[in-house]
Amino acid sequence: MTISKRVRARQFGLAAAALLLAGMAAEPAQALEEVVVGLPTNITVGQSNVVAAMELGYFEAAGLKVKLQDFQGAAIVIPQVSTKSIMIGSGGGDPLVVANQPGKTRVPVKFFYNASRDYIWEFVVPADSPVNSLKDLKGKKIGVGSLSNSHVPVTRLIMKENGLEITKDYQLMAISIGGPAFRALLGGQVDAYNTWTANIAGFESSGTKLKRLPIDPRFKDLFTVGYFAHEDTFKQKPDVLAGFGKAVSMGTLACREAIEWCVKTFWKHYPNLKPREGTDEEIIKRQSYAVLEGMKTMFAFPEGKPKRWGEYPEGAWKSFINILHEGGEIASANIDPNMFFTNELVDKMSAFDEAQVLAKAKTLK
């Protein structure tokens, strides 16, 4: 072969290689699975652990692109999941148990991630209120975020055990969450507000303290908020659910370690939800306190045992069903609790290096 032919052959080979590489580069990256997560309340800084998982790429590493969508109550979210309008929902289990009583059409939804390991719902009144117990609420109005909130059935039972029947002895009134709700409480539109711990902490961080009304300790051990999906999703996309739960767990751990970064990251994703009153330093301090208070229940793991992210304790759902039966919300407690939840994804959702997550979190500003 002459020199000119060898040069032409070499040039042809280089051109072919360049075309091959260009073709490979042009191939699209594997598309991320889009997952809409339905929330039972408005989006708040309380979801900053999920936003942290977005920012740190934990969802992307699992092949997911997550979007939060708010509704008003788990009783609204569960039908969205059961009809597959959205893939994952969040909220309490009360509406699911009530909907799946014997004789009713089965709602094919299951919980797979226990996010709040103890009871987060409290009753608060103004600090100077003459009301000091739940029994003192006879003839009064109690505010809730929404009448479709998942905790409302347990609220009715708690009141019933204090000798009060809804409508006859007290009224429930929807007053939303956050500022409008607390203004309704302090302004006398309602006499008490039944809401979750982090919402109360967020309000109290501004300096106004409220009085909490005691409830029976047995309710304190109830789990409250979790993530759920359609039963078909467990069969068809178990890795999506496991990847979601793992990312949430990592985001939760990172958020607690780097709380101020976590709050600022939430504002980055939802700038319209950044409070306007006070300096950035004051706002960060207030919201950091609220988030940390709300996260306490996420870390209420059994002492001396490995963290099992998303796990439901043995017997927890059976106790929950019994309480709903006692309160008259369901006709029979003879229901298989395994139809409502699964722990089958816990191993995968817990399979990450906590030390690595914490080390990364310590570098976040």
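Just a few scattered comments:
- Sub-9 Å Cβ pairs linking a first residue in region 94-109 that is over 22 Å from ARG156 (Cα atoms) and part of a helix (DSSP H, G or I) to a second residue that is modelled with pLDDT of 90 or more and not charged (D, E, K, R), at least 6 apart or interchain, number zero.
- Which listed residue is open to solvent by less than 30 Å² (accessible area, probe 1.4 Å), at pLDDT 95 or above and closer than 27 Å to LYS307 by Cα, from PHE244, PHE223: PHE244
- Across region 168-203, the number of residues qualifying as among the polar types (S, T, N, Q) and modelled with pLDDT of 95 or more comes to 3.
- The listed residue being surrounded by fewer than 16 Cβ atoms within 10 Å (Cβ to Cβ), acidic (Asp, Glu) and within 19 Å of PHE112 (Cα to Cα), out of ASP216, ASP239, ASP280: ASP239
- Candidates SER176, SER146 - the one that is on the phi > 0 side of the Ramachandran plot and either open to solvent by less than 20 Å² (accessible area, probe 1.4 Å) or assigned to a loop (DSSP other than H, G, I, E, B) (or both): SER176
- Take the conditions (1) assigned to a helix (DSSP H, G or I); (2) farther than 17 Å from VAL109 by Cα; (3) open to solvent by 20 Å² or more (accessible area, probe 1.4 Å); ILE200 misses just one of them, which is (3).
- Being under 30 Å from SER205 (Cα atoms) and assigned to a loop (DSSP other than H, G, I, E, B) is true of PRO275.
- LYS348 more than 17 Å from the chain's Cα centre (by Cα) and assigned to a helix (DSSP H, G or I): yes
- The set of residues from region 149-173 being surrounded by 16 or more Cβ atoms within 10 Å (Cβ to Cβ), in contact with a helix residue (DSSP H, G or I) (Cβ under 7 Å, 6 or more places away or on another chain) and either part of a helix (DSSP H, G or I) or small (Gly, Ala, Ser) (or both) comprises SER150, PRO153, VAL154, LEU157, ILE158, MET159.
- Any hit, region 227-235, residues being on the phi < 0 side of the Ramachandran plot, open to solvent by less than 10 Å² (accessible area, probe 1.4 Å), among the aromatic types (Phe, Trp, Tyr) and in a helix (DSSP H, G or I): no
- Condition met for LEU273 (out of contact with any Pro (no Cβ under 8 Å at 6 or more places or on another chain), within 26 Å of GLY38 (Cβ to Cβ) and surrounded by fewer than 20 Cβ atoms within 10 Å (Cβ to Cβ)): yes
- The number of residues in region 128-148 that are touching a residue at least 60 places away in the same chain (Cβ under 8 Å) and touching a Ser or Thr at 6+ places or on another chain (Cβ under 8 Å) comes to 2.
- In region 247-272, the residues that are of a type in the set (Phe, Trp, Tyr) and in a helix (DSSP H, G or I): TRP261, PHE266, TRP267
- Criterion (surrounded by fewer than 20 Cβ atoms within 10 Å (Cβ to Cβ) and outside any helix (DSSP H, G or I)) met by exactly one of LYS285, LYS296, LYS318, LYS305: LYS305
- Of everything in region 57-86 that is in contact with a helix residue (DSSP H, G or I) (Cβ under 6 Å, 6 or more places away or on another chain) and in a loop (DSSP other than H, G, I, E, B), the residue that is least open to solvent (accessible area, probe 1.4 Å) is ILE86.
- When residues in region 103-125 are screened for being over 14 Å from the mean Cα position of the chain (by Cα), open to solvent by less than 30 Å² (accessible area, probe 1.4 Å) and small (Gly, Ala, Ser), 0 of them pass.
- Any hit, region 131-141, residues being open to solvent by less than 20 Å² (accessible area, probe 1.4 Å), part of a loop (DSSP other than H, G, I, E, B) and modelled with pLDDT of 90 or more: yes
- Residue tally, condition open to solvent by less than 50 Å² (accessible area, probe 1.4 Å) and either in contact with a Ser or Thr (Cβ under 9 Å, 6 or more places away or on another chain) or farther than 21 Å from PHE71 by Cβ (or both), over region 29-44: 6
The values are calculated or read from the model by the stated rules, or taken from the named source; none is laboratory data. Everything quoted here is computed from the prediction, not taken from an experiment. As a convention, Cβ positions derive from the backbone with ideal geometry for all residues, glycine included, and neighbour counts pool all protein chains shown. All accessible areas refer to the heavy atoms of the entire protein, side chains included, with ligands and DNA or RNA removed. Shrake-Rupley method; radii C 1.70, N 1.55, O 1.52, S 1.80 Å.
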